[in-house]
Amino acid sequence: MTENQNLDPETFDLDDWLIDAALPEESVDVYKRADVISELSELKRRIEELQDAGNTGEQTAGEKSERSKLEARYTDLLNTFGNSRLTVYVSAIPGEHRKSLLDAHNARVESGEIPKEQDGLEFGWLILSESIVGVKKGDGDRRPVRWTVAQVKKLKEKVGEVQLLELTKAQRIAQNAIPEVDADFLLTASGTNSHGTEA
């Protein structure tokens, strides 16, 4: 009954309701040490070979020692990879701000500052840089950021195009998709279904 009263168009205060409103956001984990994946793959193959050999007969002390060293190295590299994570947060850009960005960009194209053949690409860089609103290093706290186009281009150069494409995809989701959350995620992850019983 109270809920219906709150939605009464004569008494509902939209300004009050909007006080803590925020634009949709998405996040992506970017790893600066993706180079270690090749060695992780190699170590995994070698460990599996030693496991297979152990399954067919007795392992020698030397084989056990080698496997232990390989597993320790694998763990070290996993930590290196995991500790290199940076979570990047992107936000939708309001229509008016996007229009002002486009107008400023078009003026730069018209003046010759941006070559016409790079028009669309450069605007894409601009939109991506403007959408980045925060970062979190590892398991630390989220911090607000403002990145330039040059910084986003440097990110692509250092971590590769595939990771940057994930960031671009996240920006498009924040900008264009209907906000949604997976309410059952924790229940599923803990082995409980949406009815509260064990899965």
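Condition check ((1) farther than 30 Å from R45 by Cα; (2) surrounded by 16 or more Cβ atoms within 10 Å (Cβ to Cβ); (3) acidic (D, E)) across all residues:
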| site | (1), (2), (3) |
| --- | --- |
| R67 | no, yes, no |
| L78 | no, no, no |
| G95 | yes, no, no |
| G124 | yes, no, no |
| D141 | yes, no, yes |
| K158 | no, no, no |
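What's the number of the only condition in (1) of a type outside the set (A, V, I, L, M, F, W, C); (2) modelled with pLDDT of 95 or more; (3) loosely packed, with under 11 Cβ neighbours inside 10 Å; (4) farther than 30 Å from L165 by Cβ that R73 fails to meet?
If we test R73 against (1) of a type outside the set (A, V, I, L, M, F, W, C); (2) modelled with pLDDT of 95 or more; (3) loosely packed, with under 11 Cβ neighbours inside 10 Å; (4) farther than 30 Å from L165 by Cβ, just (3) comes out false.
Of all the residues that make up segment 160-179, how many are open to solvent by 60 Å² or more (accessible area, probe 1.4 Å) and at pLDDT 75 or above?
Final tally of qualifying residues: 9.
Of the conditions (1) of a type outside the set (A, V, I, L, M, F, W, C); (2) more than 18 Å from the chain's Cα centre (by Cα); (3) open to solvent by 60 Å² or more (accessible area, probe 1.4 Å), D119 clears all except one; give me its number.
(3) is the only condition that D119 fails.
Does H105 satisfy being surrounded by 13 or more Cβ atoms within 10 Å (Cβ to Cβ), farther than 19 Å from E166 by Cβ and over 21 Å from the mean Cα position of the chain (by Cα)?
For H105, the condition - surrounded by 13 or more Cβ atoms within 10 Å (Cβ to Cβ), farther than 19 Å from E166 by Cβ and over 21 Å from the mean Cα position of the chain (by Cα) - is met.
Here is a list: V133, V149, V145. Which entry is at pLDDT 95 or above, more than 21 Å from D29 (Cβ to Cβ) and under 24 Å from the mean Cα position of the chain (by Cα)?
Criteria check complete, one pass: V149.
Of everything in segment 24-60, what is open to solvent by 80 Å² or more (accessible area, probe 1.4 Å), closer than 30 Å to S129 by Cβ and of a type in the set (D, E)? Give them in sequence order.
E25, D35
The values are calculated or read from the model by the stated rules, or taken from the named source; none is laboratory data. The model shown is predicted, which means the values in this text are computed figures rather than measured ones. Cβ: placed from backbone, ideal geometry, glycine included. Neighbour counts: every protein chain shown. Note: areas computed on protein heavy atoms with side chains; ligands, DNA, RNA excluded. Shrake-Rupley method; radii C 1.70, N 1.55, O 1.52, S 1.80 Å.
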